[in-house]
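Down below is the structure, laid out as structure tokens.
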Amino acid sequence: MPFLTTRSLLLALLGLCSVSAHADSLAPAPQCAQLNQAFARSEHASASFTWSTQASATSAPAAGGRSIALWGDSLTSSRDFIDAALKVAGIASATALPSYIQAGITVPGLRLPLKTACASKGWQVGYAHKQNRHPAPFSPGFLSLSADSPGEFLTLDFRTPSASTRVRELTLHYDKPTPDGSLLLGVAVDEGDETLISLSAAHGTTLQIRPATPLATIKIRLVSGRITLHGLAPLYQDAPATLLDTFSVPGGMLRSWSMLSERLVPAQSGGAPQYGLVLVQYGTNEGANPDFSRAAYLGYLRSNLSRMRKLYPRARCILIGPPDRGGIGKAQSGPLPYAAIHHQIALAQQQAGAEQRCEFWDWQAAMGGPGSAVRWAKMDPPQMQQDLTHLTAKGYEVSGQLFAHALHLNKN
């Protein structure tokens, strides 16, 4: 496959990364500087790779046969909850790696399964739960990154959970807003020369990068055209004991499922990857609606859960209800308004979950019921933040433990 290389373009990219990632919504500048230093120290001074746009399996089953997916909002986007649950189940978080990484590099509050990542400031993030267009093209990561200015770039470091972690193949899931339009990318693996990849004639949605030696880091630069990135599917040098895909998005809502495009679902052996366990945690953002109606919410649940179940019909499914939530101002007699709404959400989720063969865990009840947010905030150390909506890291850890014990999760 023909390609061009240029050392000067790579050096220009390094310069851009060191000065451009200063927007508040991006990774802190020190992280980008550290990533540039990591490239400079790379052992693969002449790293090379081949590339292809031919569709192929983009995820591999875990060596131990365990595969888990988690969708939710900010309450599970930090990994404290799921890591604590995995520990109770006898699964070390260091042995759980993703088969698909959502395009959330610039999203505040989102902890991606990468050692480091940064982006230039021209990338625009798209959120499935904010879309009104039907249908909207989103992958199961429910985020997208779009760029149309030459020179915009992403830099990614896959060396986590250990410094020896390497990727033997990486698939980019992307779209061209104009299918027949031009698109030229510059890609550099580790410290190798930048390779120019023309996707102008490509009509697919995947680009496979296959390094000669398993890669640690990669840079992707937009040379010309427009691109929307939906996610990244890594195949690791060493097969993980557990596949863990975390797709929680701060501010996320269950309505994101109505924006899913099945053509953007990562394929495995010709079909969607069949997770053994799917966890669905939503409700806090839906509960902020002052005109909340349990009947309307129940219909909303049924519509979106059925889409999820159609995609993953054989997985063990667990719905996770919203935790307790306090309110602003003095407590009223009886449960606070938000706490009462969360109780109604929990009842609706339990009903709709049973219809879709999904188990249900009542997070609010596990905390002690409506009104418990104030008590958790007064614990030593505090397990609820002062906003009485989000938990502290300790609160998420305790909640994850309660969840795993209640649902009898184990390493099998």
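Holding the Cα-Cα limit at 27 Å, pick out from Lys121/Lys219; Lys115/Lys378; Lys115/Lys310; Lys130/Lys394; Lys176/Lys219; Lys87/Lys115 the pairs that are longer than that.
Those over the limit are Lys115/Lys378; Lys115/Lys310; Lys130/Lys394.
Just by accessible area at a 1.4 angstrom probe, what is the order of His203, His390, His173 from largest to smallest?
Largest accessible area first, the list is His203, His390, His173.
At 7 Å along the Cα-to-beta-carbon direction for both Arg302 and Arg314, put a label point, then send me their distance in nm to one decimal.
Between Arg302 and Arg314, the label points sit 2.8 nm apart.
Any idea of the accessible area per residue across the stretch 100-227, 1.4 Å probe, to the nearest Å²?
34
The values are calculated or read from the model by the stated rules, or taken from the named source; none is laboratory data. What you see is a predicted model, and the numbers here were worked out from it, not measured in a lab. Heads up, the Cβs are rebuilt from the backbone with ideal geometry, glycines too, and the neighbour counts pull from every protein chain shown. The protein model used for the area step is the full one, side chains on, heavy atoms only, and it has no ligands, DNA or RNA in it. Shrake-Rupley method; radii C 1.70, N 1.55, O 1.52, S 1.80 Å.
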